[in-house]
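For reference, the structure is listed below as C-alpha cells.
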Amino acid sequence: MTSASLENRASALNSQLESLDLSGRLALVAALDGKSVFTTSLGIEDQVITAAIGTGKFGIDVSTLETGRLFNETVALIDKTEETYGILIKRFYPEQDDIDAYAAKYGMNGFYDSVEARHACCGARKVKPLARALEGASFWITGLRRGQSGNRADTPFAEADLDRGLIKINPLADWDIETIRAHVAAEAIPVNPLHARGYPSIGCEPCTRAIKPGEPERAGRWWWENDEKRECGLHVAEAVASTIPQASPISSSPLSSSIAR
Ligand code: SF4
C-alpha cells in the first residue's frame, strides 16, 4: 500500500471509529482484512482495552514488551490479566546481545546520563521488541489518549504509521481518566496497584516515579529530562536508531521513525 493510500484509509477509518463505542471500535478493526495487534503496557487504559478484547472475543492479538526492567507489580498483572480473561498476552523480550552491547557502551543504568543513552536503552528494550511484536500486522491498537500529555492532545482514532507501513488505532483517544477509572470500577477490571500509590503512568521501574498532585499524568516518566515532549519513542517520530548499539540490527524496519509507553 502506498503512503497516500495508507493515509486515505486511516482518514476514512478515523471517521468511522468516531461514532462507535469501545466494543464497536474493536469489532470494526477486528473485522478488517489484515492482522490486528494490541500492545499493552498494562497501564489502566490498556487494561480497559484488554478487558474488552477478552470479553468480546475479538480475536485480536495482545502483546506486551517485557523490558526486563518492569515493576514486579506490572509483571504480576500480566499473569493475573491472562487468568481473568482467558487470553494469552505474548511477551516480547529484548535480545541479550543488545542488552550486553548497551551495558558495555553506556553502563546498565546509563539512561540517567544523557537523552542519547536513554533512547538507546528504550531502543534495545522496547523499540526493537516492538518491531517483532508488529511483524505482519496491518493494524496496531494502542491505549494512547488525548489527555495523557500535551503532545498527545491531538491523538486521532486512526492514523497512518508510514514507517511501519500500518495503521495505528487508538480506540480510547477521546476517553478521559475519570471515564477510564469509572469503567474499571464498574467492570472490576484488574489494574496495577501502583496507580493507587501515585503512579498514573507506569513504565520501567528505574524510569518511573510517583507524581505530585496537579502534575501531568506522564510527569513521572524520565522525570530527570527537561524535554516536555519526552517519550520512549514508540509513539513519536524521532530518529533514535543511531543511538542504539548495533548488536543485532532490526530486520524488518522501522526504527527510524520512532521508541512506548
Ligand atoms: S524506560 Fe528506562 S529502563 Fe525502560 S527501556 Fe527506557 S530507558 Fe531503559
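The values are calculated or read from the model by the stated rules, or taken from the named source; none is laboratory data. Treat the numbers as computed from the prediction; the structure is a model and nothing was measured. Note that we place each Cβ from the backbone using ideal geometry, even for glycine, and neighbour counts take in every protein chain shown.
Only one entry in ALA173, ALA133 is under 23 Å from LEU28 (Cβ atoms) and within 16 Å of the ligand (Cβ to nearest atom), namely ALA133. Only one entry in ALA103, ALA76 is within 13 Å of the ligand (Cβ to nearest atom) and surrounded by fewer than 19 Cβ atoms within 10 Å (Cβ to Cβ), namely ALA103.
Can you report the number of residues in segment 200-216 which are under 23 Å from GLU66 (Cβ atoms) and out of contact with any Asp or Glu (no Cβ under 9 Å at 6 or more places or on another chain)? The number of residues fulfilling the criteria is 8. THR81 passes every criterion in (1) within 13 Å of the ligand (Cβ to nearest atom); (2) surrounded by 21 or more Cβ atoms within 10 Å (Cβ to Cβ); (3) over 23 Å from ARG164 (Cβ atoms) apart from (1). Within segment 60-72, residues that are in a strand (DSSP E or B) sit with their Cβ atoms under 7 Å from residues that are among the hydroxyl-bearing types (Ser, Thr, Tyr) and more than 15 Å from the ligand (Cβ to nearest atom), at 6+ positions apart or across chains, in these pairs: ASP61/SER36; VAL62/THR40; VAL62/THR50; THR64/THR40.
Table: residues versus (1) modelled with pLDDT under 95; (2) over 18 Å from LYS90 (Cα atoms); (3) of a type outside the set (Lys, Arg).
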| position | (1), (2), (3) |
| --- | --- |
| THR2 | yes, yes, yes |
| ALA12 | no, yes, yes |
| THR39 | no, no, yes |
| ASP46 | no, no, yes |
| VAL62 | no, no, yes |
| GLY68 | no, no, yes |
| PHE71 | no, no, yes |
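Taking segment 84-94 as the range and being within 13 Å of the ligand (Cβ to nearest atom) and surrounded by fewer than 18 Cβ atoms within 10 Å (Cβ to Cβ) as the test, only TYR93 passes. Of the helices (runs of 4 or more DSSP H) entirely within segment 112-229, those holding at least 1 residues that are closer than 20 Å to GLN47 by Cα and at pLDDT below 95 occupy 177-187.
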